[in-house]
There are 2 protein chains.
Amino acid sequence: MDYSERLIVKPGEKLRLADIDPGFHGHNESHEKAMPELGEALAGITRLQELLYAQKKHALLVVLQGIDAAGKDGVCWHVIQAMNPQGTRVTGFKQPTAEERAHDFLWRIHNAVPGLGQVGVFNRSHYEDVLVVRVHGLAPKKVWEKRYDAINAFERQLSEAGVTILKFFLYISKEEQLERFKKRLDDPARHWKISEADYAERALWDDYVKAYEAMLTKCSTDYAPWYVIPSNHKWFRNLAASRIILETLEGMKLKAPEPTVDLDEIRAKYHKAEEEG
Amino acid sequence: MDYSERLIVKPGEKLRLADIDPGFHGHNESHEKAMPELGEALAGITRLQELLYAQKKHALLVVLQGIDAAGKDGVCWHVIQAMNPQGTRVTGFKQPTAEERAHDFLWRIHNAVPGLGQVGVFNRSHYEDVLVVRVHGLAPKKVWEKRYDAINAFERQLSEAGVTILKFFLYISKEEQLERFKKRLDDPARHWKISEADYAERALWDDYVKAYEAMLTKCSTDYAPWYVIPSNHKWFRNLAASRIILETLEGMKLKAPEPTVDLDEIRAKYHKAEEEG
């Protein structure tokens, strides 16, 4: 399966989440059956990220969005970890600080954009400014409705500067979210993660769906496409994210840089004694 | 073996590298025999870093220094990767930029110090300012000789603010370095890593030894100790670094934060229907 093609939000398409099955899991019947494909994808990512780092011609930015418990942290843990931590940076965007609030909404985002040779991962992102801000009315409509265009212009400029942008919307069903909250309640090691706010947000589910649909419809572009990753099955979520990252890295035609020295000269000059011995 | 105790540079001790065997490999006879111990150490790091991240009471800073090819990247890859990339940040310090040069030598370092709940890894660090700078005379002696005290004061203040500092000097022999350079020559995928400068630095080996010894002697403190990691055997280097990190995390007595909500109330309010069903 070509995961990129299957899961992309086609630019210009009016997306409805109701048309997508969050329990979709492709051609693999189970986690177990998907393991070899996942292992191969992760090994490919490891290999190609090393080249991206060496070549310093491309940057990769992976944006993760999804409702609470959708698996943003899980993707960091199971997919991003395949990359060398040197050259990979995960930035979590929480409620803006006083300094961040004193700037435009893209200011803190821009600061965290990966440079050439680097991979950046955003756990939440500038899209919160058209999600939580919209749903909770933290800014007036005339402010947030301009942000879709601003985001597109920003992402276009990044892509022109060599940043390849992948945006993953991790999509779980409302029932699956409740199930995951319940599992936290049943696991003392994760009790600290539970907050009343998670449940309060849940009550706004339909408003979030509208905000997600607007974001996916208005901001999936040729230069920075959105992918909707069906995430009820964690293993499929990891597989799909890995495969799309791999397919993207493959498309970059990465290769190791040429040597900058005359290898024979180096050999003769510094390793001669050893070779004779 | 208590790796921390065995490999620490005791504060106040005058360290001579000639007294240390870079081929030392402890009680394990081989990589294969060390595998279970390494696996256990990495699993422990994974578990405890999650708690460090959750608790947000401690920060951990791991400083990596060592001559070229000593294995700084290898430690990032094989040890640091055991940690969740979210909450772990590797910073490589290269030749300072124009902006960095316009500031004091600790400015760019301070900016990369991990916050509470975070792990920071420095691949090279402020110690370059008493290493390469000293060996190449990039600053006059009266400038760099003051830096040892400045570094100690800086690190003391960080430790008082909750940052636990581990400094690893990866120690390989001069022969082992040449062997590793040779392996790069024999591996086309790594040809791009070869530079004449690496060999030129090699000619300054004895000067570097002096600078390393001064650094290890003057800047191993109770609050920010140096460890000399014998690194001719990559597997022992990884094992020793893992064990010292693990022993340090264990010493923090980390635990998951207390729940901030009344769990029974949450259960009754939001999960009742499900439980009755």
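The values are calculated or read from the model by the stated rules, or taken from the named source; none is laboratory data. Note that the structure is a prediction, hence the values are computed from the model and not measured. Glycine gets a Cβ as well: all are built from the backbone with ideal geometry, and neighbour counts include every protein chain shown. These accessible areas exclude ligands, DNA and RNA; they are computed on the full protein's heavy atoms, side chains included. Shrake-Rupley method; radii C 1.70, N 1.55, O 1.52, S 1.80 Å.
List of remarks:
- Some residue of segment B:148-163 being more than 14 Å from chain A (Cβ to nearest Cβ), crowded, with 20+ Cβ neighbours inside 10 Å and farther than 23 Å from residue B:249 by Cα: yes
- Those residues of segment A:19-50 which are assigned to a helix (DSSP H, G or I), touching a helix residue (DSSP H, G or I) at 6+ places or on another chain (Cβ under 8 Å) and farther than 18 Å from residue A:77 by Cα, in sequence order: A:48
- Test: residue in segment A:146-158 that is outside any helix (DSSP H, G or I) and free of Cβ contacts under 8 Å to residues at least 40 places away in the same chain: yes
- Among the residues of segment A:215-232, the ones that are among the β-branched types (Val, Ile, Thr), closer than 15 Å to residue A:63 by Cβ and out of contact with any Pro (no Cβ under 8 Å at 6 or more places or on another chain) come to 2 in all.
- Criterion: of a type outside the set (Gly, Ala, Ser) and either over 25 Å from residue A:203 (Cβ atoms) or out of contact with any helix residue (DSSP H, G or I) (no Cβ under 8 Å at 6 or more places or on another chain) (or both) - qualifying residue of A:134, A:156: A:156
- Residue tally, condition more than 7 Å from chain A (Cβ to nearest Cβ), over 17 Å from residue A:42 (Cβ atoms) and not aliphatic (A, V, I, L, M), over segment B:75-90: 1
Listed here are the residues, each with its yes/no results for (1) more than 14 Å from every other protein chain (Cβ to nearest Cβ); (2) of a type in the set (A, V, I, L, M, F, W, C); (3) over 14 Å from the mean Cα position of the chain (by Cα); (4) within 27 Å of residue A:119 (Cβ to Cβ).
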{"position": "A:208", "(1), (2), (3), (4)": "yes, no, yes, no"}
{"position": "A:218", "(1), (2), (3), (4)": "yes, no, yes, yes"}
{"position": "A:225", "(1), (2), (3), (4)": "yes, no, no, yes"}
{"position": "A:240", "(1), (2), (3), (4)": "yes, yes, no, yes"}
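- If you go through segment B:103-138 and keep only what is open to solvent by 40 Å² or more (accessible area, probe 1.4 Å) and of a type in the set (D, E, K, R), you end up with B:104, B:124, B:134.
- Members of segment B:165-185 found to be more than 10 Å from chain A (Cβ to nearest Cβ) and of a type in the set (Asp, Glu), listed by number: B:176
- When the residues of segment B:247-269 are filtered to those that are touching a helix residue (DSSP H, G or I) at 6+ places or on another chain (Cβ under 6 Å) and in contact (Cβ under 8 Å) with a residue 60 or more places away in the chain, the one that is surrounded by the most Cβ atoms within 10 Å (Cβ to Cβ) is B:249.
- Only one of A:212, A:199 that is out of contact with any Pro (no Cβ under 9 Å at 6 or more places or on another chain), within 14 Å of chain B (Cβ to nearest Cβ) and surrounded by 17 or more Cβ atoms within 10 Å (Cβ to Cβ): A:199
- Condition check for residue A:78: open to solvent by 20 Å² or more (accessible area, probe 1.4 Å), touching a Ser or Thr at 6+ places or on another chain (Cβ under 7 Å) and over 17 Å from residue B:115 (Cβ atoms): no
- In this structure, residue B:87 does satisfy being open to solvent by less than 20 Å² (accessible area, probe 1.4 Å), over 14 Å from the mean Cα position of the chain (by Cα) and among the small types (Gly, Ala, Ser).
- Residues that are touching a residue at least 60 places away in the same chain (Cβ under 8 Å) number at least 1 in the following helices (runs of 4 or more DSSP H) confined to segment A:64-111: A:72-78.
- Tabulated pairs, segment B:189-203, first under 15 Å from residue A:262 (Cα atoms), second of a type in the set (Asp, Glu), C-beta under 7 angstrom, 6+ apart or interchain: B:192/A:258; B:198/B:68
- The residues of segment A:166-196 that are open to solvent by less than 10 Å² (accessible area, probe 1.4 Å) and in a helix (DSSP H, G or I), listed by number, are A:177, A:181, A:185.
- One residue from B:181, B:154, B:168 being modelled with pLDDT of 95 or more and in contact with a strand residue (DSSP E or B) (Cβ under 6 Å, 6 or more places away or on another chain): B:168
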